[in-house]
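Asks: Take this structure, written in structure tokens, and hold onto it; I'll ask about it next.
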Amino acid sequence: MSTTPRRALLVIDVQNEYFTGDLPIEYPPVATSLPNIVQAMKTAKAQDIPVIVVQHDTPEGSPIFAKGSAGWRLHPQIAELPIDHHVNKTMASSFAGTGLREWLAARSIDTLTIVGYMTHNCNASTVFQAAHEGLTVEVLDDATGALSYQNAAGKVSAEEIHRVFNTVFHSNFAAVVSTRAWIAAASSGEALERDNLYASNLRTRR
């Protein structure tokens with residue numbers, strides 16, 4: 001028999017760098033993701049779900065996320081909302097060197113809902129570590145976002161990155177759902193189901 005999830009909402013790196021700085025989120029557009037992040041935060045507070053805001057720090061003078069810079073600051077719509085805990089991090093995972101796992105354990109949190117940026121970097125590393133730590137993980141696909149890459153390994157669009165990572169998450173590591181679906185589940189206390197690796201692959205071979 002399933003039990004009611006003890007959720008926390010983790011809002012990862014919703015900082016100006018992704019809006020007006022040098023790392024503009026491309027897909028989904030921030031005009032979609034930001035309102036959904038705000039709505040998720042408001043819903044969490046209404047349902048007594050703890051809200052944790054994560055902020056990425058790099059040293060002064062760094063090209064992105066330099067501590068104290070305009071790009072480092074939280075987006076104003078996030079900064080004005082009430083939260084339960086604030087985490088500063090220097091590595092991709094929200095767990096690395098932050099004490100987040102201990103904070104969650106002290107409150108008997110068993111389910112971590114992830115929103116924010118970027119799908120394929122800080123979100124992904126946090127999803128994987130949370131799953132390995134034994135937490136149930138949820139990702140809101142329309143309250144997260146990616147940008148495009150090109151390097152020696154290849155070139156990939158933001159849409160491809162976002163779609164591929166979310167498909168991988170849902171196959172094994174996290175339940176990937178829309179903000180609307182999560183709000184319904186959070187309001188009713190229902191658990192969300194992820195898929196499994198075998199079934200996800202099998203569907204492609206039928």
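Laboratory data are not the source of any read-out in this text; all were calculated from the coordinates shown. Quick caveat, the model's predicted, so the values are computed rather than measured. Positions of Cβ are generated from backbone atoms using ideal geometry, with glycine treated the same way; all protein chains shown enter the neighbour counts.
Asks: To the nearest 20 Debye, how big is the dipole of the range 1-115 about its Cα centre, given +1 on the beta carbon of each Lys and Arg and -1 on that of each Asp and Glu?
Replies: Using only the charged Cβ atoms, the result is roughly 360 debye.
Asks: Using Stokes-Einstein with the Kirkwood hydrodynamic radius over Cα pairs, what translational diffusion coefficient do you get for the range 158-206 at 10 °C and a viscosity of 1.306 mPa s, in µm²/s rounded to a whole number?
Replies: Taking Rh from Cα pairs, D becomes 133 µm²/s.
Asks: Give the dimensionless ratio obtained when the Cα radius of gyration of the range 109-206 is divided by 2.2 N^0.38 Å.
Replies: 1.11
Asks: Kindly provide the Kirkwood hydrodynamic radius of the range 58-158 in Å, to one decimal, from all pairs of distinct alpha carbon atoms.
Replies: 15.4 Å
Asks: List every residue whose amide H lies under 5 Å from the amide H of Ala146, counting only residues 5 or more places away in sequence or on a different chain, with H placed 1.01 Å from N in the peptide plane.
Replies: For Ala146, whose amide H was placed from the backbone, the distant partners under 5 Å are Glu26, Tyr27, Thr119.
Asks: Follow-up. Please list the equivalent ellipsoid semi-axes of the range 1-99, computed as the square roots of five times the alpha-carbon gyration tensor eigenvalues, in descending order and whole angstrom.
Replies: Rounded to whole Å, the semi-axes are 25, 17, 12.
Asks: At 7 Å along the Cα-to-beta-carbon direction for both Ser188 and Glu80, put a label point, then send me their distance in nm to one decimal.
Replies: 3.3 nm
Asks: Could you state the per residue volume, in Å³, of the convex hull enclosing the Cα atoms of the chain?
Replies: Looking at the chain, the number lands at 133 Å³ per residue.
Asks: Place a +1 charge on the Cβ of each Lys and Arg in the chain and a -1 charge on the Cβ of each Asp and Glu, then give the dipole magnitude about the Cα centre in debye, rounded to the nearest 20.
Replies: For this selection, approximately 380 debye.
Asks: If you plug each phi of the range 144-153 into the Karplus form 6.51 cos²θ - 1.76 cosθ + 1.60 with θ = phi - 60°, what whole-Hz ³J(HN,Hα) values come out, in order, with x for Gly and Pro?
Replies: Per residue, the Karplus-derived 3J(HN,Hα) values read 9, x, 9, 10, 8, 10, 8, 8, 4, 7 Hz.
Asks: Projecting each Cα onto the charge dipole of the range 1-130 (Lys/Arg +1, Asp/Glu -1 at the beta carbon, about the Cα centre), which of Leu81, Asn121, Tyr27 comes out farthest on the positive side?
Replies: Final value for the positive-end residue is Leu81.
Asks: 7 Å from Cα along Cα→Cβ at both Thr4 and Tyr198: what's the point-to-point distance in nm?
Replies: Simple spin-label model gives 3.4 nm for this pair.
Asks: Okay, moving on. For the chain, set up a Gaussian network in which alpha carbons nearer than 10 Å are linked by springs, and say which option among Thr113, Thr126, Thr90 fluctuates the most.
Replies: The residue that fluctuates most here is Thr90.
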